[in-house]
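The values are calculated or read from the model by the stated rules, or taken from the named source; none is laboratory data. This one's a predicted model, so the numbers in the text were calculated from it and none came from an experiment. Note that we place each Cβ from the backbone using ideal geometry, even for glycine, and neighbour counts take in every protein chain shown. Note: areas computed on protein heavy atoms with side chains; ligands, DNA, RNA excluded. Shrake-Rupley method; radii C 1.70, N 1.55, O 1.52, S 1.80 Å.
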Amino acid sequence: MHQSPPPHQQPGPPATAYGQQPWTGPTSAPPAGADWPHPPGPGPWGGRLSALWANKSLRATALIVLLSLSGLIILALVRQQTGTEGFLVGLGLAILPVPLLIAAFRWMDRIEPEPWRNLIFAFAWGACAATLVALIANGFATEWLMTTVADSSSSQADADTWGATLVAPVVEESAKAAAVLLLFLFRRRDFNGIVDGVVIAGITATGFAFTENILYLGTAFVSDQEFGYSGIRSTTAATFFIRAVMSPFAHPFFTAATGIGFGIAAAAAQHQRARRVLVPLAALLGAMVLHGLWNGSATFGGYGFLAVYALFMVPVFGLLTWLTIWSRNNQLRTIRTQLTTYQAAGWFTPPEPIALSSMRARGIARDLARRTQGPAAARIVADYTATATSLAFLRHRAYLGTAGPDFTTRERELLDQLWQHRETAQPALAHAALSVPLPRRPVPRPHLGMMPPPYWPTPPQATYAPPGPHGYPAWPPAHQPPYPQGQR
């Protein structure tokens, strides 16, 4: 079957080339070879060190070595405290809630799933590096606190209480937040808002809780072996119930507050620098307060602990869950709004932004493609959906001024991928759009007064039409029906 080349490779009016129509004002396009909006700045150290820092392979190797060494050290420390048998028991019990937590965060991140490499890094950082920092720093900080602040009458129980309530929340939440910060800085393309922040923070905290549970459950098993406890009355059973059944989301819950702060910063415009700095710091402080309150509730006795759990922790957990779900729905609205720009330029048929902004319609489109054309077609529809989602978020970042200098190149790559898969994906999505109820409020069509840099998307040459009254091509062009033949 003959397939037409991507739009930018087809002959057409010179005025439609990439980068030749700015969003606003009469300014001309950048000269050949120039990138929008400005070239990347110099590296952090300049010269040879900057070149080393810019080497992605070297950075990845250094990170793998760091995490591997941290893992080996934490393995040796935990095994030293629990013994081999205690370590194996703790490992077997600690791993049980991990699939549930990861599945919950992956479900939350269905719109634009985080790459597995980011999730693996986050889990490894929490399980190895953050736990090692916490294990070492908690002891030193608690000892310093008791020797410099506490009086001579303070007991070991007081030291444990102070350490759990004041020291551990600061050290542990800071160590876990480092993973979110690293991905925020170096994987900015994959960090679009609150949902991404919560998912990365939650996976990091899941790794941290996994290693910590091995230590606590292994220590409890050693204690039971020493005192002859067994069965449901044992310390191991009680520890497993509290940490893995009653509060498996505890650590992810605390660190999710930090992730929300970074997500808000990711959604901030380029000029909102104060928000991009202060909100993550305030969110980290909130995570420390939640963590300290949770640890301190153990000193209130059984009823006090349950009161804090039921009257404070559960409602706040529900609030954060609601905020995450609201943010996910807001992502779907962003997809519909941003893809309307490309639909107006002719890249999408009118039903596609509707279908792509509905999780139900996406599933229907994949199922339809699988039933009518086989599993390969379903994968094509899934790839088309993922590419369109990335394109929408890329354009949203351009609206905020955070898309980066490679916006035009990245946009072209995504549009090329969409063009290659359109013949299979568009009919399925057009059918799936029929299942989506019409929005209560119509999506505002873009106009030049709203549009930020960089440029209006190039219309496909096969469907090129002169600009309409608002400055964008009218749909459909006079010479072409709104849907390809046979797709109605």
Being within 16 Å of ARG189 (Cβ to Cβ) and aliphatic (A, V, I, L, M): is that true of ALA386 here? yes
Among (1) surrounded by fewer than 24 Cβ atoms within 10 Å (Cβ to Cβ); (2) hydrophobic (A, V, I, L, M, F, W, C); (3) in contact with a Gly (Cβ under 8 Å, 6 or more places away or on another chain), LEU285 falls short only on (3)
Members of the range 347-356 that are over 12 Å from ALA428 (Cα atoms) and open to solvent by 10 Å² or more (accessible area, probe 1.4 Å): TRP347, PRO350, ILE354
Determine the pairs where a residue that is assigned by the TED database to the domain that holds PRO169, located within the range 290-304, has a partner that is acidic (Asp, Glu) and open to solvent by less than 40 Å² (accessible area, probe 1.4 Å) with Cβ atoms under 9 Å apart, the partner being 6 or more residues away or on another chain. LEU290/GLU173; HIS291/GLU172; HIS291/GLU173
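Kindly provide the set of residues from the range 398-413 that are surrounded by 21 or more Cβ atoms within 10 Å (Cβ to Cβ) and in a helix (DSSP H, G or I), ordered by number.
Selection gives ALA398, PHE407, GLU411.
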Within the range 85-105, restricting to residues that are open to solvent by 70 Å² or more (accessible area, probe 1.4 Å) and not aliphatic (A, V, I, L, M), the one that is modelled with the lowest pLDDT is GLU85
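Here is a yes/no grid of residues against (1) touching a helix residue (DSSP H, G or I) at 6+ places or on another chain (Cβ under 7 Å); (2) closer than 20 Å to THR131 by Cα; (3) in the same structural domain as PRO97 (by the TED database); (4) surrounded by fewer than 22 Cβ atoms within 10 Å (Cβ to Cβ):
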{"residue": "PHE227", "(1), (2), (3), (4)": "no, no, yes, yes"}
{"residue": "ALA238", "(1), (2), (3), (4)": "no, no, yes, yes"}
{"residue": "ARG243", "(1), (2), (3), (4)": "yes, yes, yes, yes"}
{"residue": "SER247", "(1), (2), (3), (4)": "no, yes, yes, yes"}
{"residue": "ALA257", "(1), (2), (3), (4)": "yes, yes, yes, no"}
{"residue": "GLY261", "(1), (2), (3), (4)": "yes, no, yes, no"}
{"residue": "ALA265", "(1), (2), (3), (4)": "yes, no, yes, no"}
{"residue": "GLN270", "(1), (2), (3), (4)": "yes, no, yes, yes"}
Residues that are basic (Lys, Arg), closer than 30 Å to ARG243 by Cβ and open to solvent by less than 70 Å² (accessible area, probe 1.4 Å): does the range 307-328 have at least one? yes
Is one or more of the residues making up the range 194-204 in contact (Cβ under 8 Å) with a residue 60 or more places away in the chain and open to solvent by 10 Å² or more (accessible area, probe 1.4 Å)? yes
Within the range 342-364, can one find any residue that is free of Cβ contacts under 8 Å to residues at least 60 places away in the same chain, more than 30 Å from ALA256 (Cβ to Cβ) and of a type in the set (Gly, Ala, Ser)? no
Would you be able to tell me the number of residues in the range 357-397 that are in a loop (DSSP other than H, G, I, E, B) and buried (at least 17 other Cβ atoms within 10 Å of the Cβ)? 2
Options PRO469, PRO453, PRO439, PRO460; residue that is modelled with pLDDT under 80 and open to solvent by less than 40 Å² (accessible area, probe 1.4 Å): PRO460
